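Below is one structure, written out as structure tokens; the observations come after it.
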Amino acid sequence: MQMPVKPRRPEDAELSRKREELAELQARLAELELQLLTLRLELAEFEALYHAKAGHLYAELDEVEALIAERLAKIRPLDREAAESASSARRRADASRQAIDASLTLPPPVSRSQTLRDLYRAAAKQLHPDLAGDDNDRAIRERLMTEANLAYAGGDEARLQEILEEYQSSPDTVVGNDVGAELVRAIRRITLTIANISKVEAGVSSLNSSEIYKLKTTVDEARKRGSDVLGDLVENLRQTIRARRQHLQTL
Amino acid sequence: MNSKLPKRDERNDITSLVSRATSDLATRASLISRGLQDISERLRADSLKAAQDKAGLELNPLDEECRSKNQIALLTEELGIDWNRPTLLLDVGSWWREPINYPHSPGIKCFNFVCELKFLPDSPRHAKLFHELEYLSDDPREAGKEITVYRRSRTTGEMCELGEGLLLHDQEGGPLILELLRAFPEDMSDEDCIRELADGAYQTVAYDPAYGNVILFSWR
């Protein structure tokens, strides 16, 4: 006996369309969030490398320049310009030292596999705090998303998998509601997801126009042409520091 | 699966990296700006040097002598030049490009700058210099004063040669003209050449050995 086909209600069809739309937007958001986090990590890693190689040499050079300026000011106690130069050089040296103190520690290099990227995308789609049903769910999602960011940064696929499983098995993820409420929820989630896409796009754009991005791009492009511009900068700074130290000794 | 998972200390580094990547950025920005500026300048200088090499023109015997920063430092020391204390300020105003034709040196451009004498310390030696600039020579065959123009980093004081210059005086009481010859990449527009010359990260300076004066050019 043939079973009668239950006619699909218009609200079911609309809910289905909204869910598809939401799924597409969430996939786009997850991709963008992956892009943003990857960019942020790459820039942070490059910045740490830059400070370890060149940044501390600038600070050292500024310290030597400050010592020279202070020595000259001492030799010429009535020279107001020399005194001003000395205090200006000292301010600059202090600022550079603070910058080095605030610089990032260089972590070990991490290779991020395609599997890791796929897992992170899945995590970003499932765990996004804006998809939370209530405050409790939001708190869980925020905690797990932070963990997922760290796991991605550390290249830890196993941990990412655990995080996903932890959330999927959580009783807070089980919800049951009527079609009307689901539809309203889907529409609101779409609005939130679109807003988040704009925010993440703005974040990527802001990083792409930052000086550290320009510096990294310049270094990377020069490397492709066979030129180690960062190495040259380091060598040049070392030579300058040596010359300025010798000058300091003559004063 | 990643076979080399981070250890506990490394994980702390990663946590710090993620959390601090965007914090304290302003504090660290100055060192990043300096690196970017120095590397960009180095690349620009390399590009210009390549253009000069391609041009293959010996502008002046001093070119080779002054090419490296160390040699400029030596020259500075020998002549006792204090670049921090200019004795003459020339305010650079309008400019035009003079057509020149070096068939084997297409990258060489000649720019003329109208300069106004803005600052003259009150001393007989500098007054004599003023005279020297005002009436460059009675002999029409020596209508200009040859100078080598340098650029000097405002942050490090490092110097490199900018080009060969000639200070001219077209008419009595009128402005001075700086004629500057320099090789540029062939595809660089005149406006970009001027921006390159007037880069605010540097001072434009020259030395007049006749009266021991440091000339500072101020770009409007």
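The values are calculated or read from the model by the stated rules, or taken from the named source; none is laboratory data. On a predicted model such as this, the values are computed, not experimentally measured, just so you know. Glycine also receives a Cβ, built like all others from the backbone with ideal geometry; neighbour counts cover every protein chain displayed. We work out accessible area using only protein heavy atoms, side chains counted, and drop any ligands, DNA or RNA first. Shrake-Rupley method; radii C 1.70, N 1.55, O 1.52, S 1.80 Å.
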Looking at the stretch A:147-161 only, could you name the residues that are among the hydrophobic types (A, V, I, L, M, F, W, C), more than 13 Å from A:Arg117 (Cβ to Cβ) and open to solvent by less than 30 Å² (accessible area, probe 1.4 Å)? A:Leu150
Exactly one of these conditions fails for A:Tyr50: (1) at pLDDT 90 or above; (2) within 30 Å of A:Glu147 (Cβ to Cβ); (3) over 22 Å from the mean Cα position of the chain (by Cα). Give me its number. (3)
Please determine, by comparing only the residues of the stretch B:199-213 that are at pLDDT below 85 and of a type in the set (A, V, I, L, M, F, W, C), which one is farthest from B:Thr155 (Cα to Cα). B:Ala210
Among (1) facing another protein chain (nearest Cβ under 8 Å); (2) open to solvent by 50 Å² or more (accessible area, probe 1.4 Å); (3) in a helix (DSSP H, G or I); (4) under 26 Å from A:Thr217 (Cα atoms), which single condition is A:His56 missing? (1)
Single match in A:Leu104, A:Leu43 (criterion: hydrophobic (A, V, I, L, M, F, W, C), within 30 Å of A:Arg121 (Cα to Cα) and modelled with pLDDT of 85 or more): A:Leu43
Within the stretch A:233-240, does at least one residue satisfy the condition of being within 14 Å of chain B (Cβ to nearest Cβ), under 30 Å from A:Thr115 (Cβ atoms) and in a helix (DSSP H, G or I)? no
Return the pair list, or none, for Cβ contacts closer than 9 Å from residues in the stretch A:5-27 that are of a type in the set (Gly, Ala, Ser) to residues that are at pLDDT 85 or above and open to solvent by 40 Å² or more (accessible area, probe 1.4 Å), at least 6 apart or on different chains. A:Ala27/A:Arg121
Going residue by residue through the stretch A:172-183, is there one that turns out to be assigned to a loop (DSSP other than H, G, I, E, B) and at positive phi? no
